[in-house]
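The values are calculated or read from the model by the stated rules, or taken from the named source; none is laboratory data. Fair warning: this is a prediction, and the values are worked out from it, not measured in the lab. Backbone-built Cβ (ideal geometry, glycine too); neighbour counts: all protein chains shown. When the accessible area is computed, the model is the full protein with side chains, heavy atoms only, and any ligands, DNA or RNA have been set aside. Shrake-Rupley method; radii C 1.70, N 1.55, O 1.52, S 1.80 Å.
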Amino acid sequence: MDWASLDQQIINGLQLGSIYALIALGYTMVYGVLRLINFAHGEVYMVGAYVAYYTAERWFDKTKFHPAVLLLLMLFNSMVICAILGVTIERVAYRPLRSAPRISVLITAIGVSLLLQQGGLLIFKTSPQPSISESVNPFKAYTFENLPLLGNITISGGQTAMFFVSLIFMLLLWFLVTRTSTGRAMRAVAHDFDTAALMGVDVNRIVSITFIVGSGLAGAGGMMNATALGTPLDTFYGLIPGVKAFVAAVLGGIGNIPGAVLGGFLMGVAETMVVWVGYAGYKDAVAFVVLIAVLLFKPNGLLGSVGVEKA
Amino acid sequence: MNRLSRKHWIFTLSGLLSIFVLFAWLGGCKTEESATSGTTATVRPESTGPGNKVEGDTIPIGIIASLSGSEKPWGEESVRGAQLAVDEFNAEGGLNGKQVVLLVEDTGGQPEQGKSATERLITEKKVIAVLGEVASGVTAPSAQVAQEKGVPIVSIGSTRVDITDIGNMVFRVCYTDDFQGAMMAKFAYEDLGLRRVAILTDRKLPYSVGLSEMFREYFTRLGGKIVTEEFYEKGQTDFKAQLTNIKAANPDGLFCSGYFTEIGPIARQRKEVGLNVPMFGGDGWDSRELLQAGGEGIIGGYYSNHYSNLEDRLEVKAFVSKYKAKYGEEPANAMSALGYDAAGVVLDALKRAKSLDSRALRDAIAETKNFPGVSGTITIGPDGNAQKPGLVLEAKLVNGKPAWVPFKRYEWFDPGLKKKA
């Protein structure tokens, strides 16, 4: 533990948290609308990372693009393909079970998750594990050191870009949910599924939009994380981030959109803090202990309201 | 829902506390175990197994390798190298007209699968020797099987110290981690002039834990200081928190003992927290992929290896040209050369063996002296380990492209760490 590096660690934590928050949003939105924990969400994130890799290294000749254009193309492809994947999962696996007991849908979600993890082995290159090369990331070149107000810390351009792109997406989502008619319909469905349907809301359309938006955000998260960190990819890439983001969503109050963002950032910062004090081995354990503790005191999560749960 | 009794609270809190204590206790146990695992070197147990005899017109030799899974780049190369040596042996007429057949089994990089692959080779295919594996975690259970059945096993790339302690049937053609750790410490202290080094260890990988330990011991013995040691786990993607801690300790070098899959992102991310000190590690770095995955951060990095395609030795040049002629490309990593040498040692022993069975072959392997291997001259010591030189490679830009270039060769020495046979 070194007090001088605390500010740097908080910045690391916020960046990690921004990715957790992006994934947690998908969990929380789907839960809000369908009361379903979409366990396949982490695998959508994994596919997003792979799409970014294939876009940058296989499908397109990266030397022909301006780096910024290539990055946008990667982001666009990841989001679009993940959105399509998400909505397909909903159509094929969840919609036929809409009136089935909730446990059946939950088990189906786990099944879809396993299908994507194991089935991905047939489609994606996993050995040797591919990673997105550094040359596609132009932000890498800019690092800010010894900033006037912040003192002795280093912030990389990639880190900053990732953080702000995440924030922009969160603001766009907030605008969609609170300021548009689709958003109003979404909130109505979340509040009471059947009544919303009776009031003339096209429930299936709203569910599809929820999956499109949530999966698109997960795709963006996968693309940014794989590009900024240069991690080797395999089909289990989404497993741990998926679980962490789920915990973040529960921590913030599942079904609550600002709660997911708060939970994501809290998880990211908590994790780096544990490493900071020198217990790197316990960072996952502590995340879950924090969750248990929060749930003991506030069973609905930090921002969750009491009593929305339907019978 | 929120109204929980006080008793309930005490209950849950004490429950949480006991979980913590349990975790801490388990964590403590683990590190102790790994710390003592290197010290158990005494006399190697004799095998009581019946062994196999050559009965047909061909001499069967088995090889186990990870041909699937994340360590595939290593497994594939080891088989290619061994096959090359067998082909040469057969082209020269084999042994008294008998040809050698190389039987390949996939381990998938999994200990259990490696064990059953070895069993299949020995009991069904009746091989008189087994080559492999690369990963120590797979070699250990496989060697146990070979030892029980009385068939010699020659590991290709397992550097973990205690592998050959399993018994007198177990050998290897690579150096061990006590030598490797000492060599890197010597390199850091003498050649780079480092005095304050930080260590980054993959705590889920026994290889990494062991190598870090050996490095720490020899480096402090030389007079250097380990300023901090940080840990991560295989599969982790964000290392910035650990790297920030390391930067805060103000080291002049960073020793990373893990596998190449995590070294790539570490090399990239260290630039993001501004940790600009030389970075170096062990043979777990050995891969072509690392140069791409590590980006700019890997340039100026060093690791210890068994062999390099660019080495200026006659054996290496001959091997590379033979390899190119057969497979149409250059060897991707050192495992092809080690596979070639492992097969070479066994085939050389086959010629000297008094009879064509696994016990006579074992005795001949144990007597190997100054075998001219591609990865260096190999003498098998009384402990079953190869006494041979090591090599440090440096990541450099060659014609604008990153490549691993030989930096310095270190002759074999006994570091006298832990293992006192």
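Just need a number here: residues in region B:291-307 that are open to solvent by less than 10 Å² (accessible area, probe 1.4 Å) and within 24 Å of B:Val173 (Cα to Cα).
Total meeting the criteria: 5.
Given the structure, is A:Ala21 surrounded by fewer than 24 Cβ atoms within 10 Å (Cβ to Cβ), in a helix (DSSP H, G or I) and away from every other protein chain (no Cβ under 14 Å)?
Details: surrounded by fewer than 24 Cβ atoms within 10 Å (Cβ to Cβ): no; in a helix (DSSP H, G or I): yes; away from every other protein chain (no Cβ under 14 Å): yes.
The answer is no for A:Ala21.
Does B:Gly51 satisfy the criteria of being at pLDDT 85 or above, more than 14 Å from chain A (Cβ to nearest Cβ) and on the phi > 0 side of the Ramachandran plot?
Yes.
Would you call B:Ala318 more than 8 Å from chain A (Cβ to nearest Cβ), within 30 Å of B:Phe171 (Cβ to Cβ) and within 24 Å of the chain's Cα centre (by Cα)?
Judged against the criteria, B:Ala318 is not a match.
For region A:27-86, which residues satisfy the criterion of being aromatic (Phe, Trp, Tyr) and in a helix (DSSP H, G or I)? It would help to see each step written out before you state the result.
At the first step, the residues of region A:27-86 found to be aromatic (Phe, Trp, Tyr) are A:27, A:31, A:39, A:45, A:50, A:53-54, A:59-60, A:65, A:76.
Passing the criteria: A:Tyr27, A:Tyr31, A:Tyr45, A:Tyr50, A:Tyr53, A:Tyr54, A:Trp59, A:Phe76.
Out of all the residues in region B:69-111, which are among the small types (Gly, Ala, Ser) and part of a loop (DSSP other than H, G, I, E, B)? Write out each step before concluding.
Taking region B:69-111 as the starting set, the residues that turn out to be among the small types (Gly, Ala, Ser) are B:69-70, B:75, B:78, B:81-82, B:85, B:91, B:93-94, B:97, B:108-109.
Within region B:69-111, B:Gly69, B:Ser70, B:Gly93, B:Gly94, B:Gly97, B:Gly108, B:Gly109 qualify.
Against the conditions (1) over 15 Å from the mean Cα position of the chain (by Cα); (2) modelled with pLDDT under 95, where does B:Val197 fall short? Just the number, please.
For B:Val197, the exception is condition (2).
Yes/no per residue for (1) out of contact with any Gly (no Cβ under 7 Å at 6 or more places or on another chain); (2) acidic (Asp, Glu):
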position	(1), (2)
A:Ser215	no, no
A:Ala218	no, no
A:Gly230	no, no
A:Leu239	no, no
A:Val247	yes, no
A:Met267	no, no
A:Glu271	no, yes
A:Val290	yes, no
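Can you find, within region B:115-135, the residue that is nearest to B:Asp177 (Cα to Cα) among those that are open to solvent by 10 Å² or more (accessible area, probe 1.4 Å) and outside any loop (DSSP other than H, G, I, E, B)?
B:Lys115
If only one of A:Gly214, A:Gly219, A:Gly230 is more than 14 Å from chain B (Cβ to nearest Cβ), in contact with a Ser or Thr (Cβ under 9 Å, 6 or more places away or on another chain) and under 30 Å from B:Glu71 (Cβ atoms), which one is it?
Values: A:Gly214 fails: under 30 Å from B:Glu71 (Cβ atoms); A:Gly230 fails: more than 14 Å from chain B (Cβ to nearest Cβ).
When all the criteria are applied, what remains is A:Gly219.
Taking the condition of being in contact with a strand residue (DSSP E or B) (Cβ under 6 Å, 6 or more places away or on another chain) and within 8 Å of another protein chain (Cβ to nearest Cβ), how many residues in region B:240-252 meet it?
3
Of everything in region B:371-407, what is among the polar types (S, T, N, Q), closer than 13 Å to B:Asp341 by Cβ and either crowded, with 18+ Cβ neighbours inside 10 Å or over 20 Å from the mean Cα position of the chain (by Cα) (or both)? Give them in sequence order.
Listed by number, the list holds a single entry, B:Ser375.
Of the conditions (1) within 16 Å of the chain's Cα centre (by Cα); (2) touching a residue at least 60 places away in the same chain (Cβ under 8 Å); (3) under 20 Å from B:Phe407 (Cα atoms), B:Val161 fails just one. Which one is it?
In the conditions (1) within 16 Å of the chain's Cα centre (by Cα); (2) touching a residue at least 60 places away in the same chain (Cβ under 8 Å); (3) under 20 Å from B:Phe407 (Cα atoms), B:Val161 misses (3) alone.
Within region B:238-250, does at least one residue satisfy the condition of being of a type in the set (Ser, Thr, Tyr), open to solvent by less than 10 Å² (accessible area, probe 1.4 Å) and under 25 Å from the mean Cα position of the chain (by Cα)?
Here is the first cut: in region B:238-250, the residues of a type in the set (Ser, Thr, Tyr) are B:244.
Narrowing further to those that are open to solvent by less than 10 Å² (accessible area, probe 1.4 Å): B:244.
Those left that are additionally under 25 Å from the mean Cα position of the chain (by Cα): none.
Within region B:238-250, none of the residues are of a type in the set (Ser, Thr, Tyr), open to solvent by less than 10 Å² (accessible area, probe 1.4 Å) and under 25 Å from the mean Cα position of the chain (by Cα).
Can you tell me which residue within region A:272-283, out of those that are more than 25 Å from A:Tyr27 (Cβ to Cβ), in contact (Cβ under 8 Å) with a residue 40 or more places away in the chain and out of contact with any strand residue (DSSP E or B) (no Cβ under 9 Å at 6 or more places or on another chain), is most open to solvent (accessible area, probe 1.4 Å)? Step through it out loud before you land on a result.
Step one: list which residues in region A:272-283 are more than 25 Å from A:Tyr27 (Cβ to Cβ), which gives A:276-281.
Restricting the remaining residues to those that are in contact (Cβ under 8 Å) with a residue 40 or more places away in the chain gives A:276-278.
Going one step further and asking which of them are out of contact with any strand residue (DSSP E or B) (no Cβ under 9 Å at 6 or more places or on another chain), we end up with A:276-277.
Working: A:Trp276: 15, A:Val277: 59 Å².
Applying the filter and picking the extreme gives A:Val277.
Restricting region B:332-349 to residues that are outside any helix (DSSP H, G or I) and buried (at least 24 other Cβ atoms within 10 Å of the Cβ), which is nearest to the chain's Cα centre (by Cα)? Write out each step before concluding.
We begin by selecting, within region B:332-349, every residue outside any helix (DSSP H, G or I); these are B:332-334.
Narrowing the set further to residues that are buried (at least 24 other Cβ atoms within 10 Å of the Cβ) leaves B:333-334.
Values: B:Asn333: 12, B:Ala334: 11 Å.
Here the residue is B:Ala334.
Give just the number: which of (1) of a type in the set (Asp, Glu); (2) away from chain B (no Cβ under 14 Å); (3) within 30 Å of A:Gly157 (Cα to Cα) does A:Asp194 not satisfy?
The number of the failed condition is (3).
The conditions are (1) facing another protein chain (nearest Cβ under 10 Å); (2) surrounded by fewer than 24 Cβ atoms within 10 Å (Cβ to Cβ); (3) in a loop (DSSP other than H, G, I, E, B), and B:Lys271 fails exactly one of them. Which is it?
Here B:Lys271 meets the rest and fails (3).
Within region A:155-165, can one find any residue that is open to solvent by 10 Å² or more (accessible area, probe 1.4 Å) and more than 14 Å from chain B (Cβ to nearest Cβ)?
Within region A:155-165, one or more residues are open to solvent by 10 Å² or more (accessible area, probe 1.4 Å) and more than 14 Å from chain B (Cβ to nearest Cβ).
Is there a residue being under 24 Å from B:Phe89 (Cβ atoms) and among the basic types (Lys, Arg) anywhere in region B:368-376? Let's see the steps before the verdict.
Applying the first criterion (under 24 Å from B:Phe89 (Cβ atoms)) to region B:368-376 yields B:368-376.
If we keep only those that are among the basic types (Lys, Arg) too, we end up with B:369.
Within region B:368-376, one or more residues are under 24 Å from B:Phe89 (Cβ atoms) and among the basic types (Lys, Arg).
Of the residues A:Ala287, A:Ala260, A:Ala280, A:Ala249, only one is of a type outside the set (Val, Ile, Thr), in contact with an Asp or Glu (Cβ under 7 Å, 6 or more places away or on another chain) and more than 12 Å from every other protein chain (Cβ to nearest Cβ); which? If you could, list the steps in order and put the result at the bottom.
Numbers: A:Ala260 fails: in contact with an Asp or Glu (Cβ under 7 Å, 6 or more places away or on another chain); A:Ala280 fails: more than 12 Å from every other protein chain (Cβ to nearest Cβ); A:Ala249 fails: in contact with an Asp or Glu (Cβ under 7 Å, 6 or more places away or on another chain).
Checking each option against the conditions leaves just A:Ala287.
Taking A:Asn12 as meeting all but one of (1) open to solvent by 10 Å² or more (accessible area, probe 1.4 Å); (2) of a type outside the set (A, V, I, L, M, F, W, C); (3) over 30 Å from A:Gly111 (Cα atoms); (4) within 14 Å of chain B (Cβ to nearest Cβ), write down the number of the exception.
For A:Asn12, the exception is condition (1).
I'm trying to understand the selection: among the residues of region A:105-154, which are at pLDDT 85 or above and facing another protein chain (nearest Cβ under 10 Å)?
Scanning region A:105-154 gives A:Leu121, A:Pro130, A:Ser131, A:Ile132.
Filter the helices (runs of 4 or more DSSP H) completely within region A:158-231 down to those with at least 3 residues that are modelled with pLDDT under 90. Show your work before the answer.
On the way: elements: A:181-191, A:193-198, A:203-229.
Filter on region A:158-231 gives A:203-229.
Might you let me know whether region A:261-271 holds any residue that is in a helix (DSSP H, G or I) and without any contact (Cβ under 8 Å) to a residue 24 or more places away in the chain? Quick ask: steps written out before the conclusion?
Taking region A:261-271 as the starting set, the residues that turn out to be in a helix (DSSP H, G or I) are A:261-271.
The next check asks that each one be without any contact (Cβ under 8 Å) to a residue 24 or more places away in the chain; those that pass are none.
Checked region A:261-271: no residue is in a helix (DSSP H, G or I) and without any contact (Cβ under 8 Å) to a residue 24 or more places away in the chain.
Determine whether B:Ala140 is within 21 Å of the chain's Cα centre (by Cα), buried (at least 24 other Cβ atoms within 10 Å of the Cβ) and not β-branched (Val, Ile, Thr).
Working: within 21 Å of the chain's Cα centre (by Cα): yes; buried (at least 24 other Cβ atoms within 10 Å of the Cβ): no; not β-branched (Val, Ile, Thr): yes.
Spelling it out, it is not the case that B:Ala140 is within 21 Å of the chain's Cα centre (by Cα), buried (at least 24 other Cβ atoms within 10 Å of the Cβ) and not β-branched (Val, Ile, Thr).
Could you look through region A:235-260, keep only residues that are part of a loop (DSSP other than H, G, I, E, B), buried (at least 24 other Cβ atoms within 10 Å of the Cβ) and at pLDDT 90 or above, and pick out the one that is nearest to the chain's Cα centre (by Cα)?
A:Gly238
Test of understanding: among A:Thr210, A:Thr195, which residue is over 28 Å from A:Ile11 (Cβ atoms), among the β-branched types (Val, Ile, Thr) and open to solvent by less than 50 Å² (accessible area, probe 1.4 Å)? Full working, then the answer.
On the way: A:Thr195 fails: open to solvent by less than 50 Å² (accessible area, probe 1.4 Å).
Every option except A:Thr210 fails the conditions.
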